[in-house]
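Here the structure comes first, spelled out in structure tokens, and everything after it is commentary.
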Amino acid sequence: MIPDRLAAAPLAPAPLVPPPGLQALARSRAYALLGDLFGRGLRAETLVAWRQVDGGILGDDPAPADVCVDLEAAAEAHTRFFVLELPAFEGAFLAPDGLLGGAITQSVRAARTLAGLGDPVDVEPDHLAAELAWLGFLCGAEADALRDGVDAGPIIGLQRAALNTHLLRWVPAFVAALDSIIGGEPAGAADRVYQRGANIALQVLIEHAAVVGAGGDGPEAGSAWALPVATDVLEDPKAGLRAIAEHLVLPCQAGGYLTRGVILRAARRLELPTTFGTRADLLEGLLCAAAQYSMVADVCRELGIVVAGWARTLESAPTIAATPWLDRGRRTQALLARVAAAGRADDSDRLG
Amino acid sequence: MKENALERFLGSMLRLSSSTARAVPVAPTAETNAAGTAMPTYSIADQPPVDLTEVHHPDGRLSRYPPPERWADWVEYDGAKWPERVPRRYTLVPTICFNCESACGLLAYVDKSTFEVRKFEGNPAHPGSRGRNCAKGPATHNQTYDPERLLYPLKRVGERGEGKWKRVSWEEALTDISSRMRESRKVRRTGIMYHVGRPGEDHYTNRIITAWGVDGHNSHTNICSAASRAGYAFWSGADRPSPDHANARTVLLISSHLETGHYFNPHAQRIIEAKMNGAKVITFDPRLSNTAAKSDCWLPTWPGSEAVVLLAIANHLLQTGKWDREFVRRWVNWKTFLHEGAATVEASSLPAAHKSAVLAALHAAGDLTSAPDFGRFEVALKALYAGFTFEFAAAEADVPVERIEEAARYVAQAGNRLAAHVWRSASMGNRGGWQVARCLFFLNVLTGSVGTEGGTSLNTWNKFVPRAYKSPPPFDAWNELHMPHEYPLAFYEMSFLLPHFLDEGRGDIDVYFTRVYNPMWINPDGFMWMQALRDPEKIKCHVALTPTWNESAWFADYVLPMGHAGERHDLMSQETHSGMWIGFRQPVRRVAMERAGRVVKDTRESNPGEVWEEAEFWVDLTWRMDPDGSLGIRQWVESVAQPGTAVGQDEYWAWIFENSVPGLPAAAKGEGLTPLGYMRKYGCFELKETNYLPYEHAVEGATGSLHTGPEGLVTDAAGTRVGVEVDGVVRAGFATPSGKLEFFSPTLRDWGWPELEHTVPWTLESHVHPRAINREKGEMILLPNFRLPHLIHTRSANAKWLYEIGHNNPVWIHPEDATRLGVHTGELLRVETEIGWFVDRAWVTEGIKPGIIAMSHHLGRWRLQDDAGGNKGTTALASLDEDDKGGHTLHMLKGATAWTSPDPDTARIWWKDVGVHQNLTHAVQPDPVSGAHCWLQKAVSVRKAVPGERHGDVHVDTMKSRELYKRWIALSRSAVDHSPNGERRPHWLNRPLKPVRSAFKLPVKPFGRS
């Protein structure tokens, strides 16, 4: 259901630079709409709102919105992206094991409790939809406070913490991963809806962070931007292709989320056979096949292109939060180069 | 996003209007019945979901299912509403899939408020399918809610085939049809014909037909399985194999059982189990099926050469001593062969030296009374098959000799755990295909893997058919339209020749029922069917019982809407594995309503529109046929509990489950249920977990005045079989005249087929043997009968999911042939058979042998009106032309199209090609022994299509059809000339419905004899 704030009566025409209360309300609505987009996909009910938005997810397609946005296609794209390809959970990106429902989920749950919020009704609290809605709630509370002449400072503090501790830490990598999925294939209008939505969300977060003093490198942020400790999988002389695959599918180690589609696309490009199973299974299968056909270097090159794509997205996002992801991506490029060299040397004992 | 763009974005958030408020859909809470007219709706539960239970499969996999104790009241989240958590409340009702013959268990999720069916999933309690289904099971939901389904009885208004119909009441239809049946029955006992596709049930309708006192059962068996049935029956008396795949060491398939076939899902899961336990899988198939691709040894045999390869393996076992000599000694009728086989060998075309070696052993054997020596049989056997070398087989089959050696090695390694299966494929493809089944079972016999764990059982050991509360006696009639004198050994009715029989004046039909069957489409020579169906003099009243439109129903007088898997009562059992079970198909809405306390008088109250279940329909019709009981028919459908009224479904099934299913009453009592309540709850019951070696069971009390025959058959003073004596013990034995497995078939010898190649497992030259196909002239073999895993002939045409998976049947052609013809994938080919031609797209693939083209026979559905006669997404719009010289042409006008209906998915049909109806161009090719239609066709010409020849177009010359029919029927050997006892057919052979013995007497004036 769309939050009440979205359904509120229209306000008077906005001044050129809205006062803080209206800015907060605008962010609140934006987060709510964006959260709904990632939680439930573009729907007829929210399409009404998106059509009233400038520079929104419907973009600048020359065709009228109702022609270029097919809700069935949008629903299909939503499932394809966020059910099948790219889990939109903070835990999937930041947890050392890449698994959901662990300490990070608990951390978000605790932070919500501080703001008086219980668990969301339909998803885990660290889902992008829930985190955006949470922030939307906080912005709405700020708008209410400002309207009522109440001190909004504590609420802004909660926003700052939410941005520093959670959203800014992983949304840049999420956006980069979504770009890598869409960037490799001809994108339909429905696909672009979510790509635009993700990029808008990131921009709003960065702008919001700047306003509330988050997203910086000051003492308040502390070590928030650090990712889990980096590991060098090749340090172990017995590391095989399985270990390499498992390392590369961990976002916090690889510097991004290597989706199934991206792995399969690399296989298709190189005309290499693939297997079934988890992403680690797929990647291991691809590396094994590459080893058999002396194409390890080719696979590494393809993966390197993906990592470079992540970097392009991250570099375009003016936030220090992107820095650790870029660092990890550079490490991954180095790792791929070493694997490729080993492959060229046909060091099959070591790799496989 | 640039800064000003972000400002604009956020600024516009402040201008959102109140119209963004959304309307929350109101969940329905009242009962609905939307099938065919709207999409179903479901209520919202006021309870949280129920936990699933875990089921450990024998193969180690873990699956989760609703626990049976919660089936009556089950809550789970609606997956379609994700990420919203919308709980739905269901009652789960088991039923049996109706989309193929496997009889897999389904579990219908019926909404507790609206009584709509939310979905069909697997029934974990079902012993055959074990909770798993293929794509066709869940697609039952498509069929239930198909917007094009038939919901009301229709009666023809204009001429047959004109496409003018009016809706009539059941009362009007039943009154007219039953009065016609009554009048026919009063005059003769051959005027009513019930023509069934897949029965999908085991006794109910046969009992009804028997009650009518007519020879009225006609089936599709002779286009499906007749040849395999014959091969197994001549050996064993049972007409189907029942391989214990799960426990096999070697699985030998002349089929594609991992993907299709009888019984695809139950067999496939067990073959995989065997593979996981290290079993080897051998597949014979000229096509690289998915099964072949997953096999350890694929033998792409030239069609018709399969028996040669099997005998080469048999010869290997014999010559290397890797056969179960003791099993053969105890259970094969070798004494009869030693005593009587010489004549058959003398008459054979074996080379002189070869023949001498065999005869030397036979002549030295003495007679049956002098205890012939098994050692001499062994010598004779080795001599007999010595010519079947690997090299000979490799040359005949056009496969590498090493591949045959490998297969032989796997068979030898199997010991008595060889699970082997053939059902359609090579048996039904070739003239003489019944010998493929006979040679395949020969390997089971030689390895002693008959009825063993991991071996091959017979269907009668694993299938259970209970008896009803009272059974009508056999009828006194013989319908020559079913079993003509030319085919005394046919398995069974010569159904696909019916139009030719009618055409040449063998008879006519007063009331013709086609029951979930589309004879014009599925049989070869469909235009001959069309001519027959249009002729009111030949078929006076045609009643099509079908859930959906089909090509044949278009030419009917009545089209009566029947139920799908969740809309009918039936009882079914199949030999899916080494156990024995029954499954209960149920009208799931009716059961759900009754669970909710509603009283449902007949199933029409719970089914969509006026769709009826057959079981109630037959009772009503039969009652009306004999309203005063004067024909002696009514009594068989009369209630015992309430005499003078018709038996209801609860009474009928309650009696069976209480009195006719061993173990069920006790199992029900254990759960505090009635036997009927148990079956309504679980939908199935397992009678035996395993049933190995039943023929070895010692017969208790086999004493007194007994007579023992030459092979050990023991009969009592009245001539009734007691068992068969083996090494001094009377055992159950086999259902053959000798009580043993009949390596040598006196039946074949005595009924006109005395030659060696008929009486023992041997090879018969196929009609598509390389000598019959002049490849230099461009002739090829058309392999037209392979299946697809997700479709089932015309029955699945109204399942949108299945058609989205696959909807066309291109011509598989090898690159060598494609290059020769200058054709590429997607281009049109014109394929000419002996009676006509069709145009289809080519699919160039190395998955088929050079010289052969292949097409799946599931596709190519059509309709003659744009808005009636078929589903627009699964049929093509076509027109028919005919000249006055027997020429018929089917023109494709438009392929599949999207359309608007209550189901939004119909607007999303994205495909056009729905295949080509190739069967129209197939000549009838009845095997002279088994009566099977030999599906493989000679393609006399295959070439690239020229402008004007359009995809899907078909042309047939029915004058040629008649010529081919005459050519093939001339190969038969009539009982009039060969019956040893003045009867039409060996009495010991099965018929689906067997008349009284006196009806077996040969006719006084056989058709065609002056």
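Values quoted throughout were computed directly from the atomic coordinates according to the rules given, and no laboratory measurement underlies them. Only a predicted model underlies this, so the values are computations on that prediction, with no experimental measurement involved. Here the Cβ is made from the backbone with ideal geometry for all residues, glycine too, and neighbour counts use every protein chain on show.
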> So how strong a dipole does segment B:925-1010 carry about its Cα centre when Lys and Arg Cβ are +1 and Asp and Glu Cβ are -1, to the nearest 20 debye?
Replying inline: 280 debye
>> Given R₀ = 22 Å, what would the calculated FRET efficiency be for A:Thr275 paired with B:Met276, taking r from the Cβ atoms and rounding to 0.05?
In response: 0.80
>> Can you give the FRET efficiency to the nearest 0.05 for B:Ala360 and B:Arg329, using r as the Cβ-Cβ distance and R₀ = 25 Å?
In response: 0.80
>> Expected output is a single nm value to one decimal: the length gained when fully extending between B:Ala386 and B:Thr720, i.e. 0.36 nm times separation in residues minus the C-alpha distance. What is it?
In response: 116.2 nm
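Taking square-rooted eigenvalues a ≥ b ≥ c of the alpha carbon gyration tensor, is segment A:4-212 rounded, prolate or oblate, where a/c under 1.5 means rounded and, failing that, a/b exceeding b/c means prolate? Walk me through the intermediate numbers first.
Details: a/c = 1.90, a/b = 1.12, b/c = 1.69.
Oblate.
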>> Please list, in order along segment B:528-540, the HN-Hα scalar couplings obtained from phi with the Karplus expression 6.51 cos²θ - 1.76 cosθ + 1.60 (θ = phi - 60°), rounded to whole Hz, x for Gly and Pro.
In response: 5, 5, 4, 4, 5, 5, 7, 8, x, 7, 8, 10, 7
> Considering the alpha-carbon set of chain B alone, what are its Rg and its Dmax in angstrom?
Replying inline: 29.2, 111
>> Using the Kirkwood radius over C-alpha pairs as Rh, can you work out the diffusion coefficient of segment B:361-472 via Stokes-Einstein at 25 °C, viscosity 0.890 mPa s, in µm² per second?
In response: 142 µm²/s
>> When a/c reaches 1.5 or more, the comparison of a/b and b/c decides; with that in mind, is chain A rounded, prolate or oblate per its Cα gyration tensor?
In response: prolate
> Reachable lysines from B:Lys966, Cα under 23 Å, same-chain residues fewer than 8 places away excluded?
Replying inline: B:Lys538, B:Lys885, B:Lys938, B:Lys1005
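To the nearest 20 debye, what is the magnitude of the charge dipole of segment B:570-688 about its Cα centre, counting +1 on the Cβ of each Lys and Arg and -1 on the Cβ of each Asp and Glu? Walk me through the intermediate numbers first.
Numbers: 13 positive and 18 negative charges, 94 e Å.
That gives segment B:570-688 a dipole magnitude of about 440 debye.
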> Given B:His891, B:Ala772, B:Ala907, which one lies farthest toward the positive end of the charge dipole of segment B:771-969, if we put +1 on the Cβ of every Lys and Arg and -1 on the Cβ of every Asp and Glu?
Replying inline: B:Ala772
>> Using amide H atoms built in the peptide plane, which far-off residues or other-chain residues are under 5 Å from B:Arg431 H to H?
In response: B:His767, B:Val768
> Using alpha carbons only, how many degrees (0 to 90, rounded to 10) separate the axis of helix B:170-187 from the longest principal axis of chain B?
Replying inline: 20 degrees
> Applying the Karplus parametrisation 6.51 cos²θ - 1.76 cosθ + 1.60 with θ = phi - 60° to the phi angles of segment B:39-52, what ³J(HN,Hα) value in whole Hz is obtained for each residue in order, glycine and proline being reported as x?
Replying inline: 7, x, 10, 9, 8, 9, 7, 9, 10, x, x, 9, 5, 7
>> Take B:Leu673 and B:Asp46, extend 7 Å from each Cα along the Cα→Cβ direction, and tell me the distance between the two endpoints in nm.
In response: 2.8 nm
> Which listed residue (B:Val93, B:Trp74, B:Gly128) has the Cα farthest towards the positive end of the charge dipole for segment B:53-130, taking +1 on Lys and Arg C-beta and -1 on Asp and Glu C-beta about the Cα centre?
Replying inline: B:Trp74
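Working out 0.36 nm times the residue gap between A:Val48 and A:Arg147, then minus their Cα-Cα distance, what length gain in nm do you get to one decimal? Before the final figure, lay out the partial values.
Numbers: separation 99, 0.36 × 99 = 35.64 nm, distance 2.70 nm.
Fully extending the segment from A:Val48 to A:Arg147 adds 32.9 nm.
Restricting the count to DSSP beta bridges whose residues both fall in segment B:489-644, what percent are antiparallel, rounded to a multiple of 5? Provide the component values of the computation, followed by the final result.
Details: 3 of 13 bridges.
Bridges in segment B:489-644 are about 25 percent antiparallel.
Note down the magnitude of the dipole of segment B:422-506 about its Cα centre, charges +1 on Lys and Arg C-beta and -1 on Asp and Glu C-beta and zero elsewhere, to the nearest 20 debye. Please report the intermediate quantities before stating the final value.
Details: 7 positive and 7 negative charges, 77 e Å.
Charge dipole of segment B:422-506: 380 debye, to the nearest 20.
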>> What are the ³J(HN,Hα) couplings of segment A:332-342, residue after residue, when phi is run through the Karplus curve with 6.51, -1.76, 1.60 and θ = phi - 60°? Round to Hz, x for glycine and proline.
In response: 5, 4, 5, 4, 4, 5, 5, 5, 4, 5, 5
> Points 7 angstrom from Cα along the Cβ direction at B:Glu346 and B:Glu846: gap in nanometres?
Replying inline: 5.4 nm
> Taking B:Lys470 as the anchor, which lysines have their alpha carbon closer than 19 Å to its alpha carbon, excluding any fewer than eight residues away along the same chain?
Replying inline: B:Lys994
>> Along the charge dipole of segment B:771-969, pointing to its positive end and built from +1/-1 on Cβ of Lys, Arg, Asp and Glu, which listed residue (B:Pro926, B:Asn798, B:Gly952) has its Cα farthest out?
In response: B:Pro926
> For B:Gln642 and B:Glu183 in one chain, what is 0.36 nm times their gap in residues minus the Cα-Cα distance, to one decimal in nm?
Replying inline: 162.4 nm
> What residues qualify as long-range amide H neighbours of B:Arg841, i.e. H under 5 Å apart, gap of 5 or more or another chain, H built at 1.01 Å from N?
Replying inline: B:Val811, B:Leu829
> Around B:Leu693, what is the net charge, scoring Lys/Arg as +1 and Asp/Glu as -1 over all other residues with Cβ under 12 Å from its Cβ?
Replying inline: -1
> Residues with amide H under 5 Å of B:Ile848's amide H, sequence separation 5 or more or different chain, H placed in the peptide plane at 1.01 Å from N; which?
Replying inline: B:Leu288
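Can you check what the net charge comes to around A:Thr278, using other residues whose Cβ is under 14 Å from the Cβ of A:Thr278 (Lys, Arg +1; Asp, Glu -1)?
Working: positive: A:Arg242, A:Arg260, A:Arg279; negative: A:Glu85, A:Asp97, A:Glu246, A:Asp281, A:Glu284.
Every neighbour counted, the sum reads -2.
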